[in-house]
Amino acid sequence: MNQKRTELNEEQESVKNLREEFNSLEGFKESKDLDKKIESLEKEISNITDWGSDKTRKILSKLNTLKEEKEKKNKIISLFQEVDFLLELLKDEHDESLVNELKDKVKELKIEIEEYKKIFFLSGEHDKSNAIVSLSAGAGGVDAMDWTQILLEMYLKWFQRKRFDFNIVEVSYGEEAGIKSATVIVKGDYAYGLLKGENGVHRLVRISPFDAAHRRHTSFALVEVVPEIPEEEIKINEDDLRIDVFRASGHGGQYVNKTDSAVRVVHIPTGIVVTCQSERSQLKNKETALKVLYSKLVELKKIEKERKVYELKGGFKSASWGNQVRSYVFHPYTLVKDHRTGFETGNLEKVLNGEIDDFIWAYLRKLKDEKGKKEKDN
């Protein structure tokens with residue numbers, strides 16, 4: 001009986017936490033104005049004459065997103081009502097079937113709130129797109145390469161948790177340990193939107209396993225995330241490309257196949273280099289490398305546009321070596337801290353096991369807060 005009571009208490013605690021999370025979303029102005037926004041867009045649509053224009057497509061897309069958001073919101077409210085009803089019944093009688101039904105409803109609530117958060121926080125142009133994640137070892141020698149591999153494995157575990165498909169298209173191995181760089185294409189709804197906050201430098205502090213004197217070392221890895229962009233959005237002059245075919249170096253096997261048909265594409269005007277070695281076909285490696293290059297060029301164009309605006313306002317930060325976003329401390333204590341949001345946890349093992357959702361949502365919440373403040377000021 002005590003075990004059953006414990007199970008019920010755990011479900012009650014889950015419901016309480018989910019309610020608090022949902023109520024915090026309801027506190028945003030955008031949530032309160034949802035019906036007004038839908039009404040305004042429907043009125044705008046009633047006056048449209050050119051149904052094939054880009055403006056019309058954007059309005060219809062925005063309206064569909066808002067209607068989906070409202071539908072999710074209403075479903076969550078309905079689920080809370082059902083859960084409250086079950087909890088009320090369980091006050092007087094501990095029925096096993098009711099407890100099981102409660103567990104199912106709580107699971108459904110978690111899923112629906114997760115989906116609602118995606119729609120609510122991720123309304124950017126490319127937020128729903130696939131993502132291209134690139135990692136590069138920075139200062140710190142072998143430790144930095146080892147750290148880059150640890151980060152790659154952390155993200156791979158997160159992709160698996162989210163049931164995202166992913167393709168490791170390139171890995172450059174270190175001579176002694178770890179990896180110098182890696183590129184992964186991540187496929188799934190909102191992959192880019194969820195991962196975009198990982199952009200920047202990730203700092204490691206630990207006792208180095210590669211130092212015979214067991215000294216504490218600090219090392220760095222750069223994470224860059226761009227959305228996968230349809231090729232038609234940008235034109236590339238073939239004369240601006242240098243394409244090399246080579247044999248993939250390193251021991252291989254762990255992440256990608258060692259192959260004679262690895263392809264390196266260099267975009268001469270920008271200096272962007274993209275390598276692909278995941279396929280045994282030279283043609284397929286070239287196609288994948290060009291896909292990554294298209295996306296990086298579009299992102300570069302966007303960053304340059306933003307730079308011009310933000311430099312006039314006193315500063316600009318992109319995914320560069322000067323933009324430190326998170327620290328992971330192994331010694332003398334364990335701590336993972338995001339320097340943009342202040343969110344932190346002492347459970348380092350959990351984070352490295354791919355449980356980074358709390359960091360992701362803290363960053364997206366901060367973006368939403370900042371957007372709301374700007375709108376209010378304007």
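Restricting attention to segment 99-109, the residues that are modelled with pLDDT of 90 or more and surrounded by 14 or more Cβ atoms within 10 Å (Cβ to Cβ) add up to 7.
When the residues of segment 131-181 are narrowed to those that are among the acidic types (Asp, Glu) and outside any loop (DSSP other than H, G, I, E, B), which ends up farthest from residue 255 (Cα to Cα)? Here the answer is 143. Scanning segment 327-343 for residues that are touching a helix residue (DSSP H, G or I) at 6+ places or on another chain (Cβ under 9 Å) and more than 20 Å from residue 196 (Cβ to Cβ) yields 329, 330, 334, 335. The set of residues from segment 70-115 being acidic (Asp, Glu) and either touching a strand residue (DSSP E or B) at 6+ places or on another chain (Cβ under 9 Å) or in a helix (DSSP H, G or I) (or both) comprises 71, 82, 84, 88, 92, 96, 101, 104, 108, 112, 114, 115.
Please go through segment 153-210 and pick out each residue that is touching a Cys at 6+ places or on another chain (Cβ under 6 Å) and closer than 16 Å to residue 130 by Cβ. Once the filter is applied, which keeps residues that are touching a Cys at 6+ places or on another chain (Cβ under 6 Å) and closer than 16 Å to residue 130 by Cβ, segment 153-210 yields only 169. Please indicate, with yes or no, whether at least one residue in segment 144-163 is of a type in the set (D, E, K, R) and closer than 24 Å to residue 230 by Cα. Yes, that holds for at least one residue.
Across segment 38-69, the qualifying residues are those that are not hydroxyl-bearing (Ser, Thr, Tyr) and not in a helix (DSSP H, G or I), and the one among them that is farthest from residue 18 (Cα to Cα) is 50. The set of residues in segment 130-153 that are more than 18 Å from residue 216 (Cα to Cα) and surrounded by fewer than 18 Cβ atoms within 10 Å (Cβ to Cβ) contains only 153.
Against the conditions (1) surrounded by fewer than 18 Cβ atoms within 10 Å (Cβ to Cβ); (2) assigned to a loop (DSSP other than H, G, I, E, B); (3) modelled with pLDDT under 80, residue 255 satisfies every one except (1). Every condition in (1) at pLDDT below 95; (2) loosely packed, with under 14 Cβ neighbours inside 10 Å is met by residue 342 except one, and the failing one is (1). Checking every residue in segment 88-105 against the condition of being under 23 Å from the mean Cα position of the chain (by Cα) and either farther than 20 Å from residue 277 by Cα or assigned by TED's automatic domain parsing to the domain that holds residue 35 (or both) gives zero matches. Within the bounds of segment 186-193, is there any residue that is in the same structural domain as residue 365 (by TED's automatic domain parsing), buried (at least 21 other Cβ atoms within 10 Å of the Cβ) and among the small types (Gly, Ala, Ser)? Among the residues of segment 186-193, at least one is in the same structural domain as residue 365 (by TED's automatic domain parsing), buried (at least 21 other Cβ atoms within 10 Å of the Cβ) and among the small types (Gly, Ala, Ser), which makes the answer yes.
Okay, residues lined up against (1) at pLDDT below 75; (2) part of a helix (DSSP H, G or I); (3) not assigned by TED's automatic domain parsing to the domain that holds residue 363:
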position	(1), (2), (3)
288	no, yes, no
303	yes, yes, no
315	yes, no, no
320	yes, no, no
325	no, no, no
333	no, no, no
337	no, no, no
351	no, yes, no
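Taking the criterion of being buried (at least 20 other Cβ atoms within 10 Å of the Cβ) and either of a type in the set (D, E, K, R) or touching a helix residue (DSSP H, G or I) at 6+ places or on another chain (Cβ under 7 Å) (or both), the residues of segment 167-183 that qualify are 169, 170, 178, 179, 182, 183.
The values are calculated or read from the model by the stated rules, or taken from the named source; none is laboratory data. Quick caveat, the model's predicted, so the values are computed rather than measured. Here Cβ is always computed from backbone atoms with ideal geometry, including for glycine, and neighbour counts include all displayed protein chains.
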